[in-house]
Every structure is written in C-alpha cells, then in structure tokens.
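**Q** Please find one structure pasted underneath; my questions will follow.
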Amino acid sequence: MLSHPFRRELSATLRLAGPLILAQLAQIATSFVDTLMIGRWLGPEALAAGVLGSTVFFTTTVVGIGFVIAVGPTVAQAFGAAEIGEGT
C-alpha cells in the first residue's frame, strides 16, 4: 500500500503532468493524421518528401536548441569569473 505523503505527491505530480500528457498525445495524433492524409491523397513521393522535410526540421531544431541551452552556463561561468567587461 502506498504511504499517504507519497500518494499526495503522486497526485500532485499527475495533476501537473496531465496537460503536458494531453498536449503530447495531441501532437502525436496530429502527426499521425498528417502522415495518413499525405500518404493517401498525395502519394508515396509526397509522403517521402514530407518525412524528409520533417526530419531535417527536427534535426535543425534540436541542434539550435542545443546551442541556445549552452549559452546560459557559458555566460554564467564567464560572469562568475569576472571575465565579462565593457569591451566584451
């Protein structure tokens, strides 16, 4: 049996995660329906082009997010080491 504090924390976590879970499921459903529509009505060439474009976009986005995420710690380290001045 789950202890009372654990049950309370689990409930709070699921309450916070609920909208995120629903948003993720909606995104997956949208991608699935898009794939079905492209493949059925436009053919295999259009489906292949859509998948290629989606893959390139996703890869570019992930690399861009990686660069943006790396800026924060780099600036914090430079600021903490007092390497940020007026000329830099």
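**Q** Find the residue count for region 8-39, including only residues that are β-branched (Val, Ile, Thr) and more than 26 Å from Gly53 (Cβ to Cβ).
**A** From region 8-39, those β-branched (Val, Ile, Thr) are 13, 21, 28, 30, 33, 35, 38; that's our starting set.
Then keep just the ones that are more than 26 Å from Gly53 (Cβ to Cβ); that gives 13, 21.
Residues flagged as β-branched (Val, Ile, Thr) and more than 26 Å from Gly53 (Cβ to Cβ) within region 8-39 amount to 2.
**Q** What pairs come out if I take residues in region 62-88 that are modelled with pLDDT under 95 and pair them with residues that are part of a loop (DSSP other than H, G, I, E, B) whose C-beta lies under 6 Å away, six or more apart or interchain?
**A** Taking only residues 6 or more apart or on different chains, the pairs are Ala78/Ile84.
**Q** May I ask you to verify whether Gly18 is touching a residue at least 12 places away in the same chain (Cβ under 8 Å) and either open to solvent by less than 90 Å² (accessible area, probe 1.4 Å) or under 24 Å from the mean Cα position of the chain (by Cα) (or both)? Walk me through it before giving the result.
**A** Numbers: touching a residue at least 12 places away in the same chain (Cβ under 8 Å): no; either open to solvent by less than 90 Å² (accessible area, probe 1.4 Å) or under 24 Å from the mean Cα position of the chain (by Cα) (or both): yes.
Judged against the criteria, Gly18 is not a match.
The values are calculated or read from the model by the stated rules, or taken from the named source; none is laboratory data. No experiment lies behind these values; they were computed from the predicted model shown. Using ideal geometry, Cβ is built from the backbone for each residue, glycine included, and neighbour counts are taken over all protein chains shown. Remember, those area values only see protein heavy atoms, side chains included, never the ligands or the DNA or RNA. Shrake-Rupley method; radii C 1.70, N 1.55, O 1.52, S 1.80 Å.
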